[in-house]
1. What spacing in nm lies between the two simple spin-label points modelled at Gln175 and Leu401, each 7 Å away from Cα in the Cβ direction?
2. Would you be so kind as to identify all helices of the chain, as entire DSSP H runs, whose Cα atoms reach 24 Å or more along the helix's own axis and whose mean Kyte-Doolittle hydropathy is at least 1.0?
3. Could you state the accessible area per residue of the chain in Å², with a 1.4 Å probe and every protein chain left in place?
4. How big is the gap, in Å, between the Cα center of segment 252-293 and the Cα center of segment 172-212?
5. Name the long-range amide H neighbours of Gly332: under 5 Å, sequence gap of 5 or more, or other chain; modelled H, no Pro or chain starts.
6. Given the -39500 (n - 2.57) contribution per DSSP H run of 4+ residues, what per-residue ellipticity at 222 nm results for the chain, rounded to the nearest 500 deg cm²/dmol?
7. Which stretch or stretches of segment 111-154 have amide N atoms under 17 Å from the point lying 7 Å from Thr305's Cα along the Cα→Cβ direction?
8. At a Förster radius of 56 Å, what calculated FRET efficiency corresponds to the Cβ-Cβ distance of Ala129 and Val12, to the nearest 0.05?
Amino acid sequence: MFSKKEEPPLAVKDRFRIILAVHWRGILCVLVPILAIVILLPFPPESYQWTAYCLIIMAIFWVSECIPLPVTSFLPIIIFPLTGVASTTDVCKAYVNDSIFMFLGSLILAYSVEQSGLHKRLAYCSIRAIGYSHVKLLTAMCIVTTFVSMWITNTAATTMMVPINFAVLKVFEEQKLLQIYVTNSVGEQVASDITTCYFCTATFSATIGGIGTLVGTATNLVFKGLFITQFPDAPELLSFPKFSAFGIPYMIILDFFMLLYMCVVYIGVLRPKSETAKKSKISPEGIKAAAKTVNADYARLGRITFWEYMVILLFGGAMVAFFCRSPQLFPGWGDLIKDYFDLKDEKFVRDSALAALVAFMMFLFPSNLSFFKNCKAKFYEDLPTTRVPSVLNWKKLITELPYSFTFLLGGGFALSDAARKTGLNQKIGEFLQELKILPNIIILLILIIFVVLITNIASNVAVCNVLAPISMQLAKEIGQNPLWYVIASGFSSSYCFMFPVGTPGNLVVQSAAKIPTPKMIKAGLGPTISTIIITWLAVYFYAPIIWPELHYMPEWANK
């Protein structure tokens, strides 16, 4: 018999490395709460120390994702009542409020576009209208994805473009004009440069499009909710019209420079003699083949359906109504309700009421007109056997709706409220007073750079939850309007371009197109730099045009 060769024993260093690689999340979950006890010294701790303890644990758990993000958000419900910071009732109110229902309502409205297929029709129409060269296709994709992402989630807008990108690239590959995949040094099939360009442009456009409207991405509603929580006496400064008046022009400029970078680096625009430009040139035969494929896919969609008409009517009507609630340019329907009932609260009716109303109507109204055909039935067999489906399918919706994000938002609101009431914000502000010696324009640049870098390695919503309240307190301590700083940190927390972990859209394209992280870093480096510069200039020079009160310290900020 042959004796089995004994394996050499593992060295302590190797054993520790393997255990750490496998169990680092569990180790972090145990060590962080223990090490954070330092914050509670000297005993007995004050309420603000317990709030800081909770903040540190949540921030590390959110950044590392050692446990699911929504589960981390339960910590305020556990810690605050047990330590006397706030009652269970008061903490739980943060998890069900106006901003939460606005977030859920916007998601429900967005899913109506997906379920009806209207977003695909819009994408194909735009591609057919703009053209089939690489520059034209990328421009069409950028415009469509950005526009769609203004109204539905960034992840959904990105996912929408995945099959369309593959269809177009497949045609070009069949014409031997490009390769979708190439083999790397270890023999794996990974995305080629042109594939990386198409798919990264899609997710970057969705990220940028999310800042155009208040409902475009969760971080918008997060920083608005945090602002309302911290300054309940403030007027409604982040209304839908004002938000879009700032966000849309700013979004268009960001898109232009992002697209320019992608075209210069991957298509050879402005470099006509480069190898990249020569490789990316498409022959007339390739253009015809691409047009044939897109036209065939569009033809499969058929004529626009009654379902899509209903979505256009309800969704489009909701967007118009959001703008007209209290536009401050003329009396809106919200103002009329307030005046009719002689109410003193300027914020008595908010956007969440409208979002809930339109969502309710989407479950009430039919998605087709078969009911009227049933009324004309002459035989028993012609009578209906199933109900007429509504514009939104509830059973399908609840399987896809990321409702767990409401816990993430609620956890941030609860933390922000406790930090304000216990005095933690003042303590943080005292620490940040050292920045007072710097000019305001420099402080804003530092804040934007810091938030953009952090949000590349952590969840956008989690970063916004942690840094937006700190930025508002910093503004108070140095004598600046907190709205100015929450706009800077709130918008900046959306911009994850270089790493896949910061936003689900990046993960979608990385997994779908097999994009290596180094290639995504290269693609996202240019948009990251241009976004930091444009955000800095837009926040400092353009934001005060939309919000003239940014240049002085308002009375509500000192309460």
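1. 4.4 nm
2. Numbers: long enough: 12-35 (27 Å, 1.25); 47-64 (26 Å, 1.23); 98-116 (28 Å, 0.97); 154-174 (30 Å, 0.67); 240-262 (31 Å, 1.39); 284-301 (26 Å, -0.29); 306-324 (26 Å, 1.85); 405-422 (26 Å, 0.55); 460-477 (25 Å, 0.79); 517-537 (29 Å, 0.83).
Sorted by number, the helices that extend far enough and score high enough are 12-35, 47-64, 240-262, 306-324.
3. Working: 26850 Å² over 559 residues.
Per residue, the chain has 48 Å² of solvent-accessible surface.
4. Using only Cα atoms to place each centre, the spacing works out to 13 Å.
5. Result for Gly332 returns nothing.
6. Numbers: 27 runs with 366 residues, N = 559.
Mean residue ellipticity at 222 nm (helix-derived): -21000 deg cm²/dmol.
7. Of the residues in segment 111-154, 111-124 have backbone N under 17 Å from the label point off Thr305.
8. Numbers: r = 65 Å, r/R0 = 1.17.
Once the sixth-power term is evaluated, E becomes 0.30.
The values are calculated or read from the model by the stated rules, or taken from the named source; none is laboratory data. Predicted model, so just to flag it, every value in this text is computed and none were measured. Please note: Cβ atoms are built from the backbone with ideal geometry, for glycine as well, and neighbour counts cover all protein chains shown. Quick note on the areas: whole protein, heavy atoms, side chains included, nothing else; ligands and nucleic acids left out. Shrake-Rupley method; radii C 1.70, N 1.55, O 1.52, S 1.80 Å.
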